[in-house]
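One structure is given below, encoded as structure tokens.
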Amino acid sequence: MTGFAWGAATDVGRVRPSNEDAFVATPGLFAVADGMGGHRGGSVASRLALETLRERFGSDDGPRTTERLVRAVEEANEALVARAEEDPDLRGMGTTLTAMALVVEQDREVLGVVNVGDSRLYLLKDGELEQITEDHSLVATLERQGRITRAEAAVHPQRNILTRALGIDAKVMVDSWEILPIVGDRYLLCSDGLFNEVADGRIEATLRKLADPSEAAHELVRLANEAGGHDNVTCVVVDVVADGEGGRTTSAREGQDGRSGPAPPAEPVAGPGAAPRPTHPPGPVAGPVRATARLRNRFTWRTAAFVLALATIGAVAVGSITWAGTRTYYVGIDGDRVAIFRGQPGGVLWIEPSLAEVTDLRADQLPASVVIDLEAGKTEGSLDDARAYVENLRRTLPAPTARSSAPPVVVPGPATSTPSTTPTTSTTPAPADAGSPGAD
Ligand code: MG
């Protein structure tokens with residue numbers, strides 16, 4: 001038979017005005033929630049989510065299964081959405097939720113794990129720390145895609161942007177796992193205030209060093225504050241112990257700010273019998289994710305703000321490149337004629353230069369050095385400057401050829417620009433999307 005011994009600590013940290021984290025440490029149910037939403041929304045969200053979880057999962061109605069745990073999280077989500085609809089002050093609130101509970105699956109007691117957001121469950125097994133849950137965050141997505149490393153993700157400026165949370169949408173997708181409880185295994189549930197401040201290696205070393213789970217939880221919180229305490233931090237350390245080691249059960253002490261989850265029970269939870277060590281590392285059962293609702297592309301308010309910022313940056317970038325790619329003109333060679341192009345020689349990214357005017361000046365009338373320059377493109381700030389440059393070229397030529405009697409050459413194109421008044425050049429209307437040359 002096995003049981004649990006646990007300890008928990010939470011703290012406001014050194015920067016935030018209030019603690020929006022919450023936790024549960026009760027027989028057979030351990031959870032951490034990290035609220036968000038500003039004003040009072042964050043703390044309401046995390047506490048309401050955990051109250052609902054305890055109420056729905058902890059009731060005596062039917063067997064405790066992983067599916068029931070998932071359903072309790074869904075009901076917590078529904079409770080948040082309903083509360084936000086009732087109270088305009090709470091609109092936009094949300095919370096992460098990571099929970100581990102003793103459940104019965106196929107007549108066997110196992111640990112059911114659920115997660116939404118970027119709070120985490122770690123397992124310390126044989127002295128090695130492993131992250132069980134998968135973060136629903138922007139940086140975790142980038143890391144899974146191989147676009148950034150775990151080390152880069154750990155310090156990424158957008159690492160607090162979530163891609164999934166409770167309270168945002170009427171439906172939420174809940175990840176779940178089932179793990180065999182093995183005596184000697186130690187679990188850590190924590191909010192991002194821990195792992196954003198303390199490296200995994202140091203978390204591992206602390207969990208290995210301090211046998212008492214309560215001491216370990218408080219030491220981890222202390223380390224987070226020592227590293228800066230930029231966020232609320234919450235740690236729940238749960239040991240799987242042999243039944244009868246109830247004396248190891250420790251109380252969940254409150255953090256320095258006096259805010260915490262509910263008081264723990266006096267007795268450890270009765271656990272399952274000694275189960276064989278799993279032949280595979282704990283992980284998803286029957287697939288990595290138990291999808292209880294179709295994942296919708298709804299984001300948290302933090303994600304929405306980030307997406308808006310990205311869109312703005314993108315629009316500015318596109319506008320800048322388009323402007324840079326079309327604002328200037330250059331004199332070059334088109335066939336055997338000197339011509340004026342709108343844009344930059346060679347183009348700028350996707351902005352190709354466009355032919356603006358073909359003059360009656362032939363390249364073979366010009367010195368070779370000038371032709372070389374023109375083949376590379378002689379950039380001018382405006383159409384008038386480009387025309388003036390052509391006129392200067394013309395003045396360098398012998399008088400008989402300075403003014404050609406050849407008719408203007410007109411390049412077909414959209415009729416959007418004003419005709420040139422320069423008698424020595426023909427006019428090609430600029431492309432419609434490039435605007436009027438006069439705009440320069
Ligand atoms: Mg946090």
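Brief remarks follow.
- Estimated FRET transfer efficiency (GLU128, SER320; beta-carbon r; R0 35 Å; 0.05): 0.10
- Between ALA242 and ARG208, the distance separating the two model label sites (each 7 Å from Cα on the Cα→Cβ line) works out to 2.4 nm.
- Per-residue HN-Hα couplings for segment 184-193 [Karplus 6.51, -1.76, 1.60; θ = phi - 60°; Hz; x = Gly/Pro]: x, 6, 10, 10, 10, 9, 8, 8, 5, x
- Site pair GLU215 and ASP364 shows an inter-label distance of 9.6 nm when each label is modelled 7 Å from Cα along Cα→Cβ.
- Pairs of Cα atoms nearer than 8 Å and 6+ residues apart set the relative contact order; for segment 1-137 it is 21 percent.
- With both labels modelled 7 Å from their Cα along Cα-to-Cβ, the ARG14 to THR396 distance reads 6.8 nm.
- Where ARG54, ARG159, ARG147 fall by accessible area, highest first, once all protein chains stay in place (1.4 Å): ARG147, ARG54, ARG159
- Karplus-derived HN-Hα couplings along segment 109-123 (A = 6.51, B = -1.76, C = 1.60, θ = phi - 60°), whole Hz, x at Gly and Pro: 7, 9, 8, x, 10, 10, 8, 9, x, 10, 6, 10, 10, 10, 10
- Annotation: amide H-H contacts under 5 Å for LEU361 (H modelled 1.01 Å from N, sequence separation of 5 or more, or interchain): VAL338.
- Distance between segment 11-30 and segment 111-143 - C-alpha centres, whole angstrom: 18
The values are calculated or read from the model by the stated rules, or taken from the named source; none is laboratory data. Source: prediction; values computed, not measured. Cβ: placed from backbone, ideal geometry, glycine included. Neighbour counts: every protein chain shown. Surface accessibility is based on the protein's heavy atoms, side chains included, excluding ligands, DNA and RNA. Shrake-Rupley method; radii C 1.70, N 1.55, O 1.52, S 1.80 Å.
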